[in-house]
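Peer 1: Okay, handing you the structure first.
The values are calculated or read from the model by the stated rules, or taken from the named source; none is laboratory data. From a predicted model like this one, the values you see are computed outputs, not experimental measurements. Reconstructed Cβ throughout: ideal geometry from the backbone, glycine too, with neighbour counts over all protein chains shown. When the accessible area is computed, the model is the full protein with side chains, heavy atoms only, and any ligands, DNA or RNA have been set aside. Shrake-Rupley method; radii C 1.70, N 1.55, O 1.52, S 1.80 Å.
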Amino acid sequence: MLEILYQDENLIAINKPHGLLVHRSSIAADAEEFALQLLRDQIGKKVNPAHRIDRKTGGVLLFAFDKPTEIAMQQAFMENRVKKKYLAVLRGYTPDAEEIDYPLRKENGTLQDALTRYVTLQRAELDVPFGSHPTSRYSLVEAVPQTGRMHQLRKHFAHIFHPIIGDRTHGCNKQNKFFKETWEMETMLLHASQLAFTHPVTEEEIMIKAPLQEEFKRVTKLMGWEDKLKGCN
């Protein structure tokens, strides 16, 4: 059963598990389950995605029940009128706060402006050797993308040499292997924690928060962040 975070006559939001595709895709022929179909079957109503999040990203995923609401919300996302927050576990110690202003290239080669702001919430140094280092260092950050480019956070954190743990495409293969072998953890540690927007029908201010899922929580416990995260989760 999918965890429903919000529901009214026009919209419904779930806490999407890591690894679940939003809908069928030709680039992921191995997938047999999809959030759209699972939610439709669970509530007995047709739904349409109002936006997308990566397959390996967990957290808030918003759907619309009707076409006008779907179009209105998609437009709001395109115009950056939806405020998004993410939690991510990164390699190394990040600065207290930083703005990443780095253009990203589309598949057709066109460069697009891309801006991400983040703050560091916690840091951890584990007494576990990694490579030539006697310990392993990690940071928990809250990221607020100011633009909505494909894989923006994943690419931006890789650009500043603090890749997201578990990101196979843009991340650090050595760290991903280390997490798999040491803690049997393959989840990409990126969580869509919050959406805030003006409801397209009622014009109410809506804020939807998603609690962390089990694998992410297991890592926060491992890092000693569990108690300090209660206000964010």
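So that you can scan it fast, the table gives a plain yes or no per residue for (1) without any contact (Cβ under 8 Å) to a residue 12 or more places away in the chain; (2) under 30 Å from K106 (Cα atoms):
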residue: Y138; (1), (2): no, yes
residue: E181; (1), (2): yes, no
residue: H191; (1), (2): no, yes
residue: P200; (1), (2): no, yes
residue: E214; (1), (2): yes, no
residue: M223; (1), (2): no, no
residue: D227; (1), (2): yes, no
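Peer 1: Quick check, is R154 open to solvent by 30 Å² or more (accessible area, probe 1.4 Å) and either part of a helix (DSSP H, G or I) or not hydrophobic (A, V, I, L, M, F, W, C) (or both)?
Peer 2: Here the answer is no, as R154 does not meet what is asked.
Peer 1: Go through region 158-209 and give me each residue that's in a helix (DSSP H, G or I) and open to solvent by 40 Å² or more (accessible area, probe 1.4 Å).
Peer 2: Of everything in region 158-209, those that are in a helix (DSSP H, G or I) and open to solvent by 40 Å² or more (accessible area, probe 1.4 Å) turn out to be H159, N173, K174, K177, K180, E181, T182, W183.
Peer 1: Is it true that some residue in region 123-146 is small (G, A, S), farther than 28 Å from P17 by Cβ and open to solvent by 50 Å² or more (accessible area, probe 1.4 Å)?
Peer 2: Yes: region 123-146 contains one or more residues that are small (G, A, S), farther than 28 Å from P17 by Cβ and open to solvent by 50 Å² or more (accessible area, probe 1.4 Å).
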